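Working notes, structure below.
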Amino acid sequence: MARIVVLGSLNVDLVVTVPRLPRPGETVLGDGLRSCPGGKGANQAVAAARLGGQVAMIGRVGDDGFGAGLIENLDRNGVDSSGVDRDPAAPTGAALIFVEAGGQNMIAVAPGANAVVGASDAQRAAARLGPGDLLVMQLEIPVAVVERAVQAARQAGAFILLNAAPAQRLEPGLLSQLDALVVNEREANALAANEREANALVDHDDPSTIAAALLTLGPKIVIVTLGPSGSVFCDDTGVHRVEPFAVKSIDATGAGDAFVGALAVGFARRLPIETAVRFGNAAGAAATSSVGAQAALPGLDDLRRRFGVDLSSSEQ
């Protein structure tokens, strides 16, 4: 199996479960505060490791108790944490999360040390990559660092997977170097709207046309996740829909990261695209059935038991 290197964010998640999400100017009483390991980068690294991936994490935390806890958590989950630096000049990143009874959430992030991830971190990530290995990134670190890492990973012959979340404008030159672009519907619409060429082709109510439009910007594969409706992917063979797995959703926090981590493992195992996306759908669905981000990330046994998903015969 190819190695997976995740360059991205590490946060402590401060979570409150509420009966409904607050409106502007409104206070809603919740059921208590929980502190959990999070950050899209760390979530995806842990998700991939729990599903059998060989994973290393590159990023930054503060030289504080939260940072130490996040590193320990990576170690417990089988992620190589030696590439996570403790920055004495910045605090560990934090996410403030409201989760309502039906599982939907509202999130605000204080980047902390994630905001000072720099070119040296991009080079450290690329140094761990060989031909066929995977680089996985998100957008909770500076875009300039993502661009630098993409260039270095391309030179190393690695497969590059970008989860373009949270949504923001990306240069076409970056998109054209991606092997796989992963976005949810909101992020896909935002990305297409920012690119005139893609926006002209989009029916913003149809994820299939959005995926096809984003493919024109250069990625080899575009995957749009649709929450409880599954996902679609587009490559040079056209647009394909991958059906969801039915679960009772309790907390959607981290479901997208579970999808990306599982997808990375699928690509690392050289699975067909549709099989890898289906694996991602299963992991994302399973992650919504428990509270928390990393706490809810499934292992292979969970997916085998819940959905009959078994990759043991797919190892390459």
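The helices (runs of 4 or more DSSP H) falling completely within the stretch 231-316 that include 2 or more residues that are under 19 Å from Ala211 (Cα atoms) and open to solvent by less than 10 Å² (accessible area, probe 1.4 Å) map to 255-268, 273-287.
What pairs can you find where one residue is in the stretch 84-111 and free of Cβ contacts under 8 Å to residues at least 40 places away in the same chain, the other is of a type in the set (Lys, Arg) and surrounded by 19 or more Cβ atoms within 10 Å (Cβ to Cβ), and their Cβ atoms are less than 7 Å apart, with a gap of 6+ or different chains? So the pair list comes out as Asp85/Arg60; Asp87/Arg60.
Would you check which residues across the stretch 148-170 are farther than 18 Å from Gly256 by Cα and in contact with an Asp or Glu (Cβ under 7 Å, 6 or more places away or on another chain) and list them?
Taking the stretch 148-170 and keeping what is farther than 18 Å from Gly256 by Cα, we get 148-159, 169-170.
Listed by number, the residues that qualify are Ala158, Phe159.
I want to confirm something. Restricting to the stretch 235-273 and keeping residues that are at pLDDT 95 or above and among the acidic types (Asp, Glu), which single residue is farthest from the chain's Cα centre (by Cα)? Per the stated criteria, the residue is Asp236.
Kindly indicate whether any position in the stretch 182-192 is modelled with pLDDT of 95 or more and open to solvent by less than 10 Å² (accessible area, probe 1.4 Å). Yes. Restricting attention to the stretch 61-77, does a residue exist that is more than 22 Å from Asn114 (Cβ to Cβ) and surrounded by fewer than 24 Cβ atoms within 10 Å (Cβ to Cβ)? Checked against the condition, which is being more than 22 Å from Asn114 (Cβ to Cβ) and surrounded by fewer than 24 Cβ atoms within 10 Å (Cβ to Cβ), the stretch 61-77 yields no hits at all.
The values are calculated or read from the model by the stated rules, or taken from the named source; none is laboratory data. The structure displayed is predicted, hence computed values, not measured ones. Note that we place each Cβ from the backbone using ideal geometry, even for glycine, and neighbour counts take in every protein chain shown. With ligands, DNA and RNA removed, areas are computed over all heavy atoms of the protein, side chains included. Shrake-Rupley method; radii C 1.70, N 1.55, O 1.52, S 1.80 Å.
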